[in-house]
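Have a look at the structure below, then the notes.
The values are calculated or read from the model by the stated rules, or taken from the named source; none is laboratory data. Since this is a predicted model, take the numbers as computed values, not measurements. Cβ placement follows ideal geometry from the backbone for every residue including glycine, while neighbour counts extend to all protein chains displayed. Calculation scope for accessible area: heavy atoms of the full protein, side chains included, ligands and nucleic acids excluded. Shrake-Rupley method; radii C 1.70, N 1.55, O 1.52, S 1.80 Å.
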Amino acid sequence: MLVTAARVLAGADRHVVPDGAVLVRDGKIACVGPREEVQRHALPDEPRLAHPAGTLLPGLIDAHVHLCFDAGPDPVATLQEQDDEALFTDMKVRAGQLLRTGVTTVRDLGDRNALALRLSKSVTEGKTVGPRVISAATPVTPPGGHCWFLGGEASGTDEVRRLVQRNIAQGAHVIKVMETGGGLTKGGANSWESQFSHEELAALVDEAHGAGLPVAAHAHGTDGIAAAVEAGVDTIEHCTWMTPDGFEVREDVLARIVEKGIHVCPAVSPHWPMLPKYFGAERAEAMFDAVRHMARAGARLIAGTDAGVQRAGFDGLPSSLTFYEHLGLSVERILAMATTEAAHALGVGDETGQLSPGFSADLLVVDGDPLADLGALKAVATVVAAGKHHELGDSA
Ligand SMILES: [Zn+2]
């Protein structure tokens, strides 16, 4: 398959190749560069997708989704009403929605009964139309803690280790720990409160790293963020720097995040412009400032939407990315957050996230030029995932 476009964002640095092309062979990128050159390697009857006014870029990565939630007003209630088969059917539909938005890789950070792992396998085997799914399976939380209803309650280092082992045995790609409370869980810890002791957190990281798996820590609270960094986690989710009174970025902890290259996924809602209305202008601005501060300090931010929680639909990544434009980040950096940086954070940096020979053919073509206007990401024209071209009307 030969895909041509007015501009191609090529290589690890997404440099612009005007009038460019990508040649796809056996699910991989065989060749990328100027159209004149690349098409010389194409066969006479090579299938062609021509986008003379479009931009060809790597398929996007949403580093924080929950395929088991429905993005409705009460995702927990809906989940609890559904049996696994009904839920799995809905998860396949959501995977299709993500793909049609140009997302070719997602990291699912918490499901029930390893359904996201089942979906991951189904996509790999070509039975389900969807993005590559990197899955944490069941998140680890204390009894009654954040997202306890997903089935991952553990107390004390032995139980924590056993739960991590269970996830590993099921085939999890990453271990998710709910280090602090979260808004989705009624009656649980507050978002700023830590849920695990240092010993429990250290045991979790030890068990995961021992099996070669990274750890993603859900942490809103400043204390929880500090504990997660101390324990050696690999990514921090939300990283809101919440305290009982407001927000407080601890500079010593942020310095360690930067120094250790820990990835931070703020998991910004596609409806972020509504946050001042929900939280009040002052509180929202303090939240925004914390993210801006991390970005300026050189933290390795990655894109994610928390798709599935209230109001965060499975087509929201482009809207979520405009938040970073609002903070003053360059479009180049924002695109890196949703491609190369995210791929590295997910452990697939040698496989996807860039248009380079040998990488998986995960391609997105949009109308217009996202470097000039990030909003162009919403004008999806073509999606190719693992070398397979998906008609945008495809349902799962
Ligand atoms: Zn989440």
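Pick from Leu43, Leu9: which is open to solvent by 60 Å² or more (accessible area, probe 1.4 Å) and among the aliphatic types (A, V, I, L, M)?
Working: Leu9 fails: open to solvent by 60 Å² or more (accessible area, probe 1.4 Å).
Going through Leu43, Leu9 in turn, just one is open to solvent by 60 Å² or more (accessible area, probe 1.4 Å) and among the aliphatic types (A, V, I, L, M): Leu43.
If I ask for residues that are part of a strand (DSSP E or B) and buried (at least 17 other Cβ atoms within 10 Å of the Cβ), which ones from region 12-25 would you list? The answer is Val17, Gly20, Ala21, Val22, Leu23, Val24.
Residue check: is Lys28 open to solvent by 60 Å² or more (accessible area, probe 1.4 Å), in contact with a Leu (Cβ under 7 Å, 6 or more places away or on another chain), among the charged types (D, E, K, R) and away from the ligand (no atom under 16 Å from the Cβ)?
Values: open to solvent by 60 Å² or more (accessible area, probe 1.4 Å): yes; in contact with a Leu (Cβ under 7 Å, 6 or more places away or on another chain): no; among the charged types (D, E, K, R): yes; away from the ligand (no atom under 16 Å from the Cβ): yes.
Spelling it out, it is not the case that Lys28 is open to solvent by 60 Å² or more (accessible area, probe 1.4 Å), in contact with a Leu (Cβ under 7 Å, 6 or more places away or on another chain), among the charged types (D, E, K, R) and away from the ligand (no atom under 16 Å from the Cβ).
Restricting attention to strands (runs of 3 or more DSSP E) lying wholly within region 206-312, give those where 1 or more residues are closer than 23 Å to Leu109 by Cα and away from the ligand (no atom under 16 Å from the Cβ). Working first, answer last.
Details: elements: 215-221, 235-243, 263-265.
Result: 235-243.
Tell me, yes or no, whether region 320-329 has at least one residue that is within 24 Å of Ala136 (Cα to Cα) and either modelled with pLDDT of 95 or more or more than 15 Å from the ligand (Cβ to nearest atom) (or both). Within region 320-329, one or more residues are within 24 Å of Ala136 (Cα to Cα) and either modelled with pLDDT of 95 or more or more than 15 Å from the ligand (Cβ to nearest atom) (or both).
Restricting to region 187-204, name every residue that is open to solvent by 10 Å² or more (accessible area, probe 1.4 Å) and away from the ligand (no atom under 16 Å from the Cβ). Before you say what the answer is, go through the steps one by one.
Keep residues of region 187-204 that are open to solvent by 10 Å² or more (accessible area, probe 1.4 Å), which gives 187-200, 202.
Those that are open to solvent by 10 Å² or more (accessible area, probe 1.4 Å) and away from the ligand (no atom under 16 Å from the Cβ): Gly187, Asn190, Trp192, Glu193, Ser194, Phe196, Ser197, His198, Glu199, Glu200, Ala202.
For the residues Thr89, Thr78, Thr4, Thr55, the requirement of being among the hydroxyl-bearing types (Ser, Thr, Tyr), within 26 Å of the chain's Cα centre (by Cα) and either farther than 30 Å from Lys121 by Cα or crowded, with 23+ Cβ neighbours inside 10 Å (or both) singles out Thr55. Suppose the filter is open to solvent by 10 Å² or more (accessible area, probe 1.4 Å) and within 16 Å of the ligand (Cβ to nearest atom); does Arg100 pass it? Criteria not met by Arg100.
Would you confirm whether any residue within region 31-39 is of a type in the set (Lys, Arg), part of a helix (DSSP H, G or I) and free of Cβ contacts under 8 Å to residues at least 24 places away in the same chain? Show your work before the answer.
Residues of region 31-39 that are of a type in the set (Lys, Arg), as a first pass: 35.
Within this subset, residues satisfying the condition of being part of a helix (DSSP H, G or I) are 35.
With the extra rule that they be free of Cβ contacts under 8 Å to residues at least 24 places away in the same chain, the set shrinks to none.
No, every residue in region 31-39 fails to be of a type in the set (Lys, Arg), part of a helix (DSSP H, G or I) and free of Cβ contacts under 8 Å to residues at least 24 places away in the same chain.
You will find that of Val65, Val129, Val133, Val123, the residue that is within 30 Å of Gly20 (Cα to Cα), within 16 Å of the ligand (Cβ to nearest atom) and either open to solvent by less than 10 Å² (accessible area, probe 1.4 Å) or touching a residue at least 24 places away in the same chain (Cβ under 8 Å) (or both) is Val133 and no other.
Scanning region 237-271 for residues that are open to solvent by 30 Å² or more (accessible area, probe 1.4 Å) and aromatic (Phe, Trp, Tyr) turns up just one, Phe247.
Filter region 317-345 down to the residues that are in contact (Cβ under 8 Å) with a residue 60 or more places away in the chain and either in contact with a helix residue (DSSP H, G or I) (Cβ under 9 Å, 6 or more places away or on another chain) or farther than 14 Å from Pro266 by Cα (or both) and list them by number.
First, the residues of region 317-345 that are in contact (Cβ under 8 Å) with a residue 60 or more places away in the chain: 317-318, 332, 335-336, 338-345.
Correct list: Leu317, Pro318, Glu332, Leu335, Ala336, Ala338, Thr339, Thr340, Glu341, Ala342, Ala343, His344.
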